[in-house]
């Protein structure tokens, strides 16, 4: 068993980490870090639990420590981070001197020697770790996963990207409120309403997706070379991001081939049989009114992305369109970091 | 005063007709038609009123008649129709023998000699009326307005189309539940959920928009020649469709010019000072998180479309993107037919 | 293993039956009955599946039969019924000639020789079965469970009723939309709204609760003798009924005793260790803002009722008040019938 | 014209004040006070406007001043206050030395020499002003209105209280999110959920209602002497509090008399023809599923309370029950203060 800790353990993504790690066969939660205010308290006393599944017994009595390396116990190997961006930028490097940090924070994603990884998409980017440790003289390292809406999109584009030539992608999102944290979206903003703006989200989707689908050669990441434009919107759904995707290829492809390509997609986690890997990263549905967030977000424990309405775009040349749903706090956040850690544990440790 | 009647008077769009016509300076409601079940009753007794503004006193005592020409009183000149498609296809032509039918139904929209009109966009299409009457030997005629999501989109594209050359448009909608009628969307389908499918909606948007922006020469309508692809989704908003729009032009245009072009747009209704015409058909907002359906749907009595986040699309060549909100049952339905009737009343009667 | 069938198998409660019975250690689903339209089809083809957990593989290939005794296979012992009231009134007696019917329908609940049972509350009412079979000459019999809002309320009142003397109970409900079936509540009725009326619900709560807490002596059920008044309202929650309860006792009781009494309550299912029995039928929470339907409805698989804000009612003599949440389609419907069947299987078969 | 100012002018209730006062025939907005951060800015620049009706032109250019007497211009006579409780407790008395303060804050409501007034219910309590000024040596004075949920309840109880003898009232509320301010209720707390707790709300309802229905004799307020118990809950409705009310009288009364008594109720504002007075403070509906917040909250501009389901409580002696809806930020907040000011303007100034 590998001992793991969680940075930001009392927040919503922190709680998802606990939920996903509670019965994990390889990882054992031994440290929970949070703000100064929580430090020293039992986890149960420090936390307002927001998930519908009850708080696991195993963490209730863990004493919350402060989020700094000197407060962290020595027998932890991997730290999962769901820290706010600004704080993550300062403190994750400090932890990385001694620990492996599997981070869901956006702070280090675009740093050239920090791998941004979806295990099914670009596991080879973990090769950057060596460079990172050399550059920085760290014993540990940082691995990041992308933004929630990026992960769902990229998982569905990966098989397309490998099989065909993509020219352009337009994506319009309808994102769940949990993505902003428990206090992130006021109810007055979302009941009978839509907020057509999420700070930095479009920029993240546009840059991260191209990096994830890019190449890693001679120690350098090179972006994929198609064009991608995003428009991001918040809607009154608790969990599960929905995305409408328009894809232009370089030539006309058969729509059934495209569906098969997505449905048959498997990546390294499926080959390795990683514990949190979904059987199929992309599930393709044929019903005319799916995917729906409430019904499809929890597919394969929330780790699979569900795709539907895969259809020829008759209005455009060489084009098709589809809709996807992915669980933003499982596959799009805590589950993404956990799968990264499982890959590291299998292939690197 | 012109005497008007409403076909489908007890339904949700029928109720909007009543609300918009109640204090109208040129139109006087004298006939209300509904199903056999309602016929013979006082309107108040026949109707479950769904609007938050109370039922106008003036219609409460009107006796509902059946929806057939022989039941209609002779002193009506214009009939507003919000009939279901199948029924409209059968009965609107029968009414058109003697009456002017301003229809919100989709049945006749794509019939070559029936004008599909947004007064600010293509008032000249009313020229088809003459052909229609000649072809069919009718004393009356049918004029239609487009689908709710099409109207909002087309109003914002019209100034762009006139000022620049559009290559392509992608639009992804987040549509209100009222668009499906009171019983159209079960609450189980929309609470904490999205339905990523609306029957025929994408087809309507793709075909109607190009026709509306097309030309009318020598008695023939010719579609606009750019490409338009739509993806349509239902969200838990009561009124007000939100649409994310991506536009590719043939060359790079200044984003401030584009905003000005939309904000300055005026059409025939504004020139003529029609009663229901909004001061500006398109309102451009600069706040980063507008338009929002709850806050913007009622702009200018629900007859203006609000646009925001008009921004350069850095990922694509010669492109920009924006978000719009339009009131689907006012500007997108009853108000559209009323404005058509006002234009007819001013220019044809 | 006991072979079981489901009447109304394609509906929402029917789907919950399947979910609860799929891995059941004692029951094996061998028959699924639905309307004529579905009969003859594979269950998967006949059904639009509405639950977020996927349809179990085991039922997909079962051929749906019509809902009449002659269409039912002989090797079924227990039939779970979630039929509409009117149809249940006609067809359940026909099935009861040969089968055990554990019914969630309201049709037969108030028939004097049909037991209305919550296993933790009044298991002894099963004694009516003998009378029922004798009266009617049936080989099978019918056992019913109460209305969803009644079950949750009665489970929390039972320990109070046993320990103290109740004078009066007032209850005001905030009920989930799933209680009306998938198409029962239009979204226009519930988004940014409340419907302050549910047909017959108040009457059911007022009569059923008193019967359930009543006595069964000499073959006759006698109602409990306190007064109970209900006001029932529908709110935009997917699953989980919330109820505000005001209780007047005959004398002043200690509020901590009252909490302990509820928290310590166990009934026959707990003694017998029935498979679907929650560890504690009533969970008492101390947080000031619990129970909440989204967070508490699934407690103990949805079979426990969660109570919070148990507090002295300072304004009234000898009174206290509390709030409860119970899962309306699990504990309040399918799970109730399943627990009844488990009790029958253990004590009668 | 009386010059008025608004304390807390940028908040949600502050915005309602502006909306209600914009076209007011007797009041002219000349001062807008807010936090230090807003002071010195134009109102339009200082404010994120949350109402669906646009910000009135007349206030856009007013320079926001700080919320302290020395920053207030001299030519203001009445100040409307929607300040947070703690701040109101400190600053309202300072303002009252020179100004009339019509306050919606709860800080001073229970102070013995500060009148708590609903003009239709207890206009005579304004007699306390003299005492207040004498006690404190102020040139101005403070008048308060009750809590939002109290106002709606008390308006419906007043005619009952006057016509019959009330023994007991139980009330269970379903309150709108706007009552907590724009940022008060996180969307994660209310989508597919209910929060069964609102801090201090039950205490306010229980104490304020009895005071309002009490007597004012010899300069002293004496509470009404029936019993009242409240349970308060937050639901996902934007505006409009819904309350289920159970009333026990001292003897059996005819239910139609009770309805007539409520429907015929008029108070001082109706006699005086005050500008914001609803024609009928209580509207009684006969439809079985009314009142509904989305449909009924705006009755008579949001100043009337709508009552429905007035029915005999067959389970209890001498009892009836009903449901009410009142607009919490109009009748329950800004409109309440404005009506108080209109009464003061007519009867005292």
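Where a number appears in this text, it was derived from the coordinates with a stated rule and is not lab data. The model shown is predicted, which means the values in this text are computed figures rather than measured ones. So basically every Cβ, Gly included, is an ideal-geometry build from the backbone, and we count neighbours across all protein chains shown.
Top mean-square fluctuation among A:241, A:327, A:24, Gaussian network model of chain A, C-alpha springs under 10 Å?
Sorting by GNM fluctuation, first place goes to A:24.
What are the label-to-label distances in nm, one decimal and shortest first, from residue D:36 to the same spot in the other copies, with labels 7 Å along Cα to Cβ?
Distances to the matching label points in the other copies: 2.2, 7.6, 7.9 nm.
Given N residues in region C:106-194, what is its alpha carbon radius of gyration divided by 2.2 N^0.38 Å?
So region C:106-194 has a normalised radius of gyration of 1.43.
Can you give the FRET efficiency for residue A:68 and residue C:286, using 1/(1 + (r/R0)^6), R0 = 30 Å, r = Cβ-Cβ distance, to the nearest 0.05?
The calculated FRET efficiency here is 0.40.
Could you work out the mean count of beta carbons from other protein chains within 10 Å of each residue's beta carbon in D:305-317?
3
So for the pair residue D:260, residue A:75, with labels modelled 7 Å out along Cα→Cβ, what separation do we get in nm?
Between residue D:260 and residue A:75, the simple spin-label model gives 8.3 nm.
Taking region C:1-150, how much of its Cα-Cα pair set, in percent, is spaced more than 29 angstrom apart?
Tail fraction, whole percent: 13.
Would you calculate the separation in nanometres between label points at residue C:110 and residue C:279, each defined as 7 Å from the Cα along the Cα-to-beta-carbon direction?
4.0 nm
What area, in nm² and to one decimal, does the C-alpha convex hull of region B:17-78 cast on average over all directions?
Answer in nm², one decimal: 4.4.
Once you compute Rg and the Kirkwood Rh from C-alpha atoms, what is the Rg to Rh ratio for chain D?
Reported Rg/Rh, Kirkwood definition of Rh: 0.96.
From Cα coordinates alone, what are the radius of gyration and Dmax values for region C:68-108 in angstrom?
Rg, Dmax (Cα atoms, Å): 9.5, 27.
Can you tell me the relative contact order of chain D? Whole percent, Cα pairs under 8 Å, sequence separation 6 or more.
Answer for chain D is 17 percent.
Which percent, nearest 5, of DSSP beta bridges in chain B are antiparallel?
45 percent
So for region A:148-327: antiparallel DSSP bridges make up what percent, rounded to the nearest 5?
Expressed as a percentage, antiparallel bridges in region A:148-327 total about 75.
Would you mind listing how long region A:228-303 runs along its three principal axes, going by Cα atoms, in whole Å with the largest first?
Principal-axis extents of the Cα atoms in region A:228-303, largest first: 36, 35, 26 Å.
What does the structure give for C:286-292 when I average, per residue, the other chain Cβ atoms found within 10 Å of the residue Cβ?
4
Which values of log₁₀ I(q)/I(0), to two decimal places, follow from the Debye formula for region D:148-327 at q = 0.08, 0.14, 0.18 Å⁻¹ with a uniform point scatterer at every Cα?
Cα-only, vacuum Debye calculation for region D:148-327: -0.25, -0.77, -1.25.
When chain C is turned about an axis onto chain D, which of its residues keeps its C-beta closest to that axis, and how many Å is it?
Residue with the nearest Cβ, plus whole-Å distance, for chain C: C:172, 2.
Principal axes first, then extents: for the Cα atoms of the protein assembly as shown, list largest minus smallest coordinate on each axis, whole Å, largest first.
82, 77, 74
I'd like the antiparallel share, as a percent to the nearest 5, of DSSP beta bridges with both residues in the protein assembly as shown.
45 percent
At R0 = 60 Å, how high is the FRET efficiency between residue D:217 and residue B:165 if r is their beta carbon distance? Nearest 0.05 is fine.
With a Förster radius of 60 Å, E is 0.15.
Mind checking the mean number of beta-carbon atoms from other chains within 10 Å of the Cβ atoms in A:49-61?
2
Label position 7 Å from Cα toward Cβ: report the copy-to-copy distances for residue B:203 in nm, one decimal, ordered from shortest.
Ordered by increasing distance: 4.3, 4.6, 6.3 nm.
In whole Å, largest first, what are the principal axis extents of the Cα atoms in region D:249-293?
36, 28, 13
When each copy gets a label point 7 Å from Cα toward the beta-carbon at residue C:312, what are the spacings between them in nm, shortest first?
Between copies, matching label points for residue C:312 lie 3.8, 7.0, 7.6 nm apart.
List the relative contact order of region C:148-327 as a percent without decimals, with contacts defined as Cα pairs under 8 Å and 6+ residues apart.
Relative CO of region C:148-327 lands at 27 percent.
Express in % the proportion of alpha carbon pairs of region D:278-349 at distances exceeding 20 Å.
Counting every Cα pair in region D:278-349, those more than 20 Å apart make up 42 percent.
Given points 7 Å out from each Cα along the Cα-Cβ axis, report the residue A:183 to residue D:97 separation in nanometres with one decimal.
3.6 nm
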